[in-house]
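Here the structure comes first, spelled out in C-alpha cells, and everything after it is commentary.
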Amino acid sequence: MDKYLIVGLGNVGPDYEGTRHNTGFMVLDAFSKASNAVFSDRRYGFVAETSLKGRKVLLLKPSTFMNLSGNAVRYWLQKENIAQERLLVISDDVALPLGAFRLKANGSNGGHNGLGHIQQLIGQQYARLRMGIGNDFPQGGQIDWVLGRFSDEELKILNPRLELAAEVVKSFILAGIDFTMNQYNRLGKAPAVQPAPTTPTDV
C-alpha cells in the first residue's frame, strides 16, 4: 500500500493554540475532521492515520516545537518507510497575504525555522504548502506577529481557506504534486477582503 506523510508545522500546548505560527496544525485539523481521523500522542508528535482510496495517510503534528521539526519528520519517514516524494509539509508564511497559499515541489526554507530544520536533516527535495498569514507588523515585530493569535475577522477569511488547503492535501495524495500545483496554485491568490465598516466621525 502506498504511504504518505502529511506534516503540519506548529507549536504544541495551549499557549500556542490559534496562533499564526500554528496554521499548519490548523490545516491538518481541517483535513482530519473531514476524514474522521483522530490524533494520538506518539513519539515526536501527535499522529493520526487514515486511508484514501487505498493509500495509507499519516498526519503528523510535531511536538518538538517549531525549530526542531525535522526530528519528527525524519523519524516518521524512516519508521514508516515513506518515500520523500510522498511527504508534504504545511507551514505558515509571512510573505503571502492572509488566506493565500502556494504549493511547491521543493525549494528553500524562505527563512522559516521549521522548514529550515527539516532542510538540514533531509534536504530541500520535499513538497511544501505555504499558507499566508500576512505581515502587518512593524519592523522587528515578526516574532510577536507569528506567535500572536488570529482575530475573529482574520479567521472569517482563513477558515474557508483551511478547508480548501485540505482539498489540496487530498489532491496531492491522489493525483500527485504536478497536477495539484497546476489545479490549485491558481486558486491560491489572497481572497477578496471586505473592508471593515467605518464609523462616521464629526467633521
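The values are calculated or read from the model by the stated rules, or taken from the named source; none is laboratory data. Since the model is a prediction, treat every value here as computed from it, not as a measurement. We place every Cβ from the backbone using ideal geometry, glycine too, and count neighbours over all the protein chains shown. The protein model used for the area step is the full one, side chains on, heavy atoms only, and it has no ligands, DNA or RNA in it. Shrake-Rupley method; radii C 1.70, N 1.55, O 1.52, S 1.80 Å.
Taking segment 48-163 as the region of interest, what is the percent of Cα-Cα pairs per 5 angstrom bin, listed from the shortest bin to the one with the maximum distance?
Once binned at 5 Å, the Cα pair distances of segment 48-163 give 2, 10, 19, 22, 20, 15, 8, 3, 1, 0.
Quick check: the angle from helix 23-35's long axis to the longest principal axis of the chain, C-alpha only, nearest 10 degrees?
60 degrees
Mind checking the per residue accessible area of segment 1-120 for me, 1.4 Å probe, whole number of Å²?
Dividing the accessible area of segment 1-120 by its residue count gives 43 Å².
Over the chain, how many pairs of lysines fall under 23 Å by alpha carbon, counting only those 8 or more apart in sequence or from different chains?
27
Compute the acute angle (0 to 90°) between the alpha-carbon long axis of helix 69-79 and the principal axis of greatest extent of the alpha-carbon atoms of the chain; round to the nearest 10°.
Long axis of 69-79 versus the principal axis of the chain: about 30 degrees.
Whenever you get a sec, compute what percent of the accessible area on segment 1-141 sits on carbon and sulfur atoms (1.4 Å probe).
44 percent
Between residue 92 and residues 5 or more places away or on another chain, which pairs have amide H atoms under 5 Å apart, with H built 1.01 Å from N, and which residues are they?
Answer set, sorted by chain and number: 23, 24, 131.
How far apart, in nm, are two points set 7 Å out from the Cα along the Cα-to-Cβ line at residue 68 and at residue 190?
Computed distance between label sites residue 68 and residue 190 equals 3.6 nm.
Tell me the relative contact order for the chain as a rounded percent, counting alpha carbon contacts under 8 Å between residues six or more apart.
Value for the chain: 25 percent.
One-quarter of the Cα convex hull surface for the chain, in nm²?
Mean projected area for the chain: 12.7 nm², to one decimal.
Measure of size requested: the Rg and Dmax of segment 1-97, with Cα atoms as the atom set and Å as the unit; please supply both.
Every Cα atom of segment 1-97 included, Rg and Dmax give 12.8, 38 Å.
Just to confirm, what accessible area per residue do you get for segment 132-175 at 1.4 Å probe, in whole Å²?
Details: 2490 Å² over 44 residues.
So segment 132-175 comes to 57 Å² accessible per residue, rounded to a whole number.
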